[in-house]
1. Could you work out how much longer the chain between Leu19 and Ile82 gets when fully extended? Use 0.36 nm per residue separation minus the Cα distance between them, nm to one decimal.
2. What full-extension length gain, to one decimal in nm, is calculated for Leu92 and His35 as 0.36 nm per residue of separation minus the Cα-Cα distance?
3. Which angle from 0 to 90°, rounded to the nearest 10, does the C-alpha axis of helix 36-67 make with the longest principal axis of the chain?
4. Please check: in the Gaussian network model of the chain (C-alpha springs, under 10 Å), which one of Leu64, Leu45, Leu76 has the largest mean-square fluctuation.
5. Cα axis of helix 76-105 to longest principal axis of the chain: angle in degrees, 0 to 90, nearest 10?
6. Can you give the log10 of the normalised intensity I(q)/I(0) at q = 0.13, 0.17, 0.19 Å⁻¹, computed with Debye over equal Cα scatterers of segment 11-102?
Amino acid sequence: MITSLTLLIVIFGTATVFLSVFVAFSFYKQSHNLHGDGRKLSKSLAFQLIGEAILGLGTTVFALLAYMELLPKVPLFVQSMIRLFLFSATALTTIHLYIVTTRMEK
């Protein structure tokens with residue numbers, strides 16, 4: 001049961017990463033047709049979605065390693081550094097989106 005659930009997480013995680021990248025690319029393409037705040041917001045949303053894709057990719061990799069029973073072989077330090085990178089990417093893109101929307105408000 002757990003193996004099937006983990007495989008489902010790997011499949012769904014992979015689809016979600018592709019969705020985030022596709023929508024990020026769409027926002028970025030749209031930004032070229034916009035001006036001013038719309039352009040800034042569109043680019044910031046694209047950046048945010050790339051951060052989401054990075055976090056999703058990391059989660060998917062951890063699920064894949066668990067599915068393949070390789071996760072225990074990855075040193076805890078490496079796992080921790082990967083998690084630190086994932087959360088840093090997400091935090092950075094969230095802060096960037098917050099700054100852009102706050103500047104638009106003024």
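1. Numbers: separation 63, 0.36 × 63 = 22.68 nm, distance 2.19 nm.
Difference between extended and current length: 20.5 nm.
2. Numbers: separation 57, 0.36 × 57 = 20.52 nm, distance 2.41 nm.
Full-extension gain reported as 18.1 nm.
3. For helix 36-67, the angle is close to 0 degrees.
4. Leu76
5. Orientation of helix 76-105: about 20 degrees from the principal axis.
6. Calculated log10 I(q)/I(0) at the listed q: -0.51, -0.76, -0.87.
Taken together, the values in this text are just the output of simple stated rules run on the coordinates, not laboratory data. Computed from a predicted structure; not experimentally measured.
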